[in-house]
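Worksheet for the structure shown next.
Just so it is clear, none of the values below were taken in a lab; they were calculated from the coordinates. For clarity, every value in this text was computed on a predicted model and none was experimentally measured. Neighbour counts run over all protein chains shown; Cβ positions are idealised from the backbone, glycine included.
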Amino acid sequence: MRIDVVTIFPEFFGVLDISLLGRARQAGILEVVAHDLRSHTHDRHRTVDDTPYGGGAGMVMKPEPWGEAFDELLGGTPAHDPGTVVLFPSPAGQLFTQAMAHELAAKQHLVIGCGRYEGIDQRVFDEVAERVEVRLVSLGDYVLNGGEVAAMAMIEAIGRLIPGVVGNPESLVEESHEDGLLEYPSYTKPAVWREREVPPVLLSGNHAAIAAWRREQQVERTRRVRPELLAEDDDSTD
Ligand code: ADE
């Protein structure tokens, strides 16, 4: 998969060279390239924003640099190519979920446009949407200063689902959100630490009992911490 990121802070994405995704990049499984939006400006100040039509606080990102960036990045892409999706991190977007991460991990090409200030001129979304699928995606119900941190989170969540990125694919199966529930608590050696014991069932060697205990813990934790997840999928409580 290739991920192109358009941002005014391309250096922000340098941290992708380290850790799990860094190795995936080196192995050629995942390529992530950050592009400087300002390279598509043509004035002395390399201006990317301007005051909003209609008034109001803050600045809006100008359409021209974005238009040029997408012309370059989507230039060779057939119209409505099903393997290409353009994502714009935005608090006004649909919620980014594990299900969406799976869906996006199956694509060949993602372009992530990181907005700053009060957002990007709406015509950029409208124009790009005529070429390929566009999604505004929110990390959650809070506001970040820009799309970069959200883009990093999405790249990590999507990247680790690409086959070969995580060494042991089984470790992806029993995680929070994979089955609509939060994950069960985990323990390792020693069996007693500061007088705290590991739940005896985990030492029993009884695989069926362990699986049942873990399921119970998942349901109990989900009910306590994120009850709305159970309400969305009543079958998972059975
Ligand atoms: N940009 C600003 N806030 C955001 C959020 N909550 N999610 C995604 N992108 C954002």
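Table for the structure above
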| item | result |
| --- | --- |
| Long-range amide H partners of residue 133 with built H, under 5 Å | 86 |
| Within the chain, percent of DSSP bridges classed antiparallel, to nearest 5 | 15 |
| MRE, 222 nm, helices only [DSSP H, n ≥ 4, -39500 (n - 2.57), over the chain, to nearest 500] | -9000 deg cm²/dmol |
| In Hz, Karplus ³J(HN,Hα) per residue of the stretch 81-94 (6.51, -1.76, 1.60; θ = phi - 60°; x = Gly, Pro) | 4, x, x, 10, 9, 9, 10, 10, x, 6, x, 8, x, 6 |
| The chain, Rg to Rh (Cα coordinates; Rh as Kirkwood inverse mean 1/r) | 1.06 |
| Extension gain (nm, one decimal) between residue 46 and residue 209, 0.36 nm per residue minus Cα-Cα | 52.3 nm |
| Using θ = phi - 60° and Karplus 6.51 cos²θ - 1.76 cosθ + 1.60, couplings along the stretch 22-39 (whole Hz; Gly, Pro as x) | x, 5, 5, 5, 5, 6, x, 7, 9, 10, 10, 10, 9, 10, 7, 4, 5, 5 |
| Computed E for residue 201/residue 79 - FRET, C-beta separation, R0 35 angstrom, nearest 0.05 | 0.05 |
| Highest to lowest packing among 187-200, 16-29, 112-125, scored as the average C-beta count within 10 Å | 112-125, 16-29, 187-200 |
| Integer Hz, Karplus 6.51/-1.76/1.60 couplings in order for the stretch 118-130, x for Gly and Pro | 8, x, 10, 3, 3, 5, 5, 4, 4, 6, 5, 5, 7 |
| Nearest-0.05 FRET efficiency for residue 176 and residue 142, computed from C-beta distance (R0 22 Å) | 0.70 |
| Within-14-Å neighbourhood charge of residue 144 [Cβ basis; K, R +1; D, E -1] | -2 |
| Cut-off under 5 Å, modelled amide H: who pairs with residue 35 long-range | 5, 6, 7 |
